[in-house]
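One structure is given below, encoded as structure tokens.
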Amino acid sequence: MSDSKKCPHCGSRKKARSEEEKKQLLMRLKRAEGQIRGIKKMIEEDAYCPDVLVQVAAVTSALNSFNKELMACHMRTCVAEDIRAGKDEAIEEFVKVMQKLMK
């Protein structure tokens, strides 16, 4: 049975994650959040544009790493389980997500 389910209260989709998976994903987000706070401070302190741009690139890289980790988890669990259960529409959903990410 897939660990991606609809919430009976609001109808939105949910994903059961292990504590380790949550820990890893949240750690990546906290890193990016800290970098964004640093960029905000740099702007407030009139930092040199190229220095700010380097930090923006670091945030972009951190968020890309988050996306890769989340995508891998999604493929290993939700998509694989749906395909095994004969739900081929999971492939189309994944393709649409990839198209959005690659814009």
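Read the figures in this text as sums done on the coordinates, not as results from a lab. Just so we're clear, the structure is a prediction, and the values are computed from it rather than from any experiment. Because the Cβ atoms are built from the backbone with ideal geometry, glycine has one as well, and the counts that use them run over all protein chains shown.
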In nanometres, what is the gap between the two model label sites at residue 51 and residue 84, each 7 Å from Cα along Cα-to-Cβ? 5.2
Just tell me, in residue order, which DSSP H segments of the chain are both 24 angstrom or longer along the helix axis (alpha-carbon based) and at least 0.5 in mean Kyte-Doolittle hydropathy. 49-74
Picking from 57, 38, 77, whose Cα lies most toward the positive end of the charge dipole for the range 19-101 (charges on Cβ: Lys, Arg +1; Asp, Glu -1)? 38
For the chain, with a Gaussian network of springs between Cα atoms less than 10 Å apart, report the residue from 58, 80, 47 with the top mean-square fluctuation. 47
For the chain, what does -39500 (n - 2.57) per DSSP helix run (n ≥ 4), summed and divided by total residues, give at 222 nm, in deg cm²/dmol to the nearest 500? -23000 deg cm²/dmol
